[in-house]
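Colleague: Attaching a single structure in structure tokens format; questions to follow.
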Amino acid sequence: MKLPLIAIAGPTATGKSALGAALAHALDGEVVSCDSMQIYRGLETGTAQPTEEERALVPHHLVGFLDWDQDFSVSDYVKAASRVIEGIHGRGKLPFLVGGTGLYVRSLLRGFAFQPEARDESLRESLYKEAEALGPEALHARLAALDPQSAEDIHPHNVKRVLRALEYCLLSGEPFSRQAERSKQVESPYRWVLFCPMLRDRQALYQRINRRVDQMLEAGLLAEAEAFYRCCRQAAKLPTAAQSIGYKELFPYFAGEASLEEAVENVKRESRRYAKRQITWFSREPGARFLYMDELGSLEAALAECIKVLGEENFIRREGGTVGI
């Protein structure tokens with residue numbers, strides 16, 4: 001019997017975290033984060049980890065549990081999230097997958113089984129040094145020569161994935177994209193529904209992103225990013241978390257290479273670009289149910305729409321005007 005799983009995933013600044021927490025609270029559930037940067041402890045502000053109010057409303061899992069210098073792959077995520085989801089069901093509650101990392105969402109919902117990967121620590125270390133010396137664009141160009149498909153799929157500034165793809169190409173002698181195509185897809189263990197909060201008005205979304213960055217700065221992002229910058233300077237290699245939007249754009253300011261105004265504008269610009277990539281990704285997800293938050297008008301209206309759909313899909317039942325599992 002497949003386990004019920006409700007996902008709320010989509011672009012940044014669309015209100016998915018608040019909706020996920022509210023929906024989990026209404027249906028006696030627990031939240032499982034699906035954000036590849038919220039996993040790191042000590043980076044609460046820049047990765048927009050759940051607020052104290054959201055955590056008080058319902059339990060949240062896979063948030064701030066990993067040191068910033070540790071690696072964590074999509075395969076690791078699927079294993080960890082699967083264990084958490086089983087535990088939530090064991091407590092008689094519903095799991096709610098909430099976040100914006102599309103690859104995490106797709107891999108978990110659709111049941112990807114990952115094959116053993118070619119790895120070599122010394123090669124990876126040399127690639128990290130090459131990335132630091134030449135910059136991410138140079139390494140991305142090297143990947144494009146070996147594997148054009150992977151280069152097209154992976155953003156040049158996603159250093160971790162660029163290096164992983166290069167490592168595989170160099171060790172195996174075949175494109176990383178071919179390995180990804182061979183990843184065995186098994187039957188999903190979940191009966192799921194995927195809600196994708198969106199905004200039809202793209203400019204309104206970008207304005208929300210800009211305001212969100214300003215709010216992060218007011219909440220202490222600058223001090224958090226500077227402390228992280230100092231840690232990264234002492235690290236043997238640049239950690240994955242250093243590529244997170246909100247940190248890498250501020251690092252040049254701390255290094256004296258850019259003004260604060262320039263660095264903040266870069267955070268906003270890269271956040272908008274990331275949202276655009278997320279929109280493209282989730283728009284291609286089969287079966288996704290889009291919630292246009294600007295048309296719904298309020299969190300309460302979006303919550304009601306989700307509950308209506310879940311009732312129609314037999315994820316929940318209604319008795320005497322109340323909602324139950």
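Colleague: Could you please find all residues in the stretch 286-304 being within 24 Å of the chain's Cα centre (by Cα) and more than 15 Å from R200 (Cα to Cα)?
Modeller: Listed by number, the residues that qualify are P286, G287, A288, L299, L303.
Colleague: For D35, are the conditions met, namely being among the acidic types (D, E), surrounded by 20 or more Cβ atoms within 10 Å (Cβ to Cβ) and in the same structural domain as A301 (by TED's automatic domain parsing)?
Modeller: So D35 passes the test.
Colleague: Out of the stretch 244-253, which residues are under 27 Å from F65 (Cα atoms) and buried (at least 20 other Cβ atoms within 10 Å of the Cβ)? Break it down stepwise before answering.
Modeller: Start the filter on the stretch 244-253 by keeping residues that are under 27 Å from F65 (Cα atoms), which leaves 244-251.
Scanning the stretch 244-253 gives S244, I245, G246, Y247, K248, E249, L250.
Colleague: State which residue is nearest to D214 (Cα to Cα) when the search covers only the stretch 39-80 and only residues that are charged (D, E, K, R) and surrounded by 17 or more Cβ atoms within 10 Å (Cβ to Cβ). Reasoning before the result, please.
Modeller: Going residue by residue through the stretch 39-80, those that are charged (D, E, K, R) are 41, 44, 52-55, 67, 69, 71, 76, 79.
Remaining after also requiring surrounded by 17 or more Cβ atoms within 10 Å (Cβ to Cβ): 44, 54.
Numbers: E44: 15, E54: 20 Å.
My answer is E44.
Colleague: Same structure again: Look at the stretch 1-50 and say how many of its residues are assigned to a helix (DSSP H, G or I) and hydroxyl-bearing (S, T, Y). First the steps, then the outcome.
Modeller: Here is the first cut: in the stretch 1-50, the ones assigned to a helix (DSSP H, G or I) are 16-26.
Narrowing the set further to residues that are hydroxyl-bearing (S, T, Y) leaves 17.
Within the stretch 1-50, residues that are assigned to a helix (DSSP H, G or I) and hydroxyl-bearing (S, T, Y) number 1.
Colleague: Give me the pairs, please: first residue somewhere in the stretch 131-158 and assigned by TED's automatic domain parsing to the domain that holds F176 and within 24 Å of Q278 (Cα to Cα), second residue anywhere and surrounded by fewer than 19 Cβ atoms within 10 Å (Cβ to Cβ) and of a type in the set (D, E), beta-carbon distance under 7 Å, and either six or more positions apart or on two chains.
Modeller: Short answer, once both residue conditions are applied: L139/E130; P156/E137.
Colleague: Give the number of residues within the stretch 196-243 that are among the basic types (K, R) and at pLDDT below 95.
Modeller: Residues of the stretch 196-243 that are among the basic types (K, R), as a first pass: 200, 202, 208, 211-212, 230, 233, 237.
Keeping just the survivors that are at pLDDT below 95 gives 233, 237.
Number satisfying all stated conditions: 2.
The values are calculated or read from the model by the stated rules, or taken from the named source; none is laboratory data. The model shown is predicted, which means the values in this text are computed figures rather than measured ones. Reconstructed Cβ throughout: ideal geometry from the backbone, glycine too, with neighbour counts over all protein chains shown.
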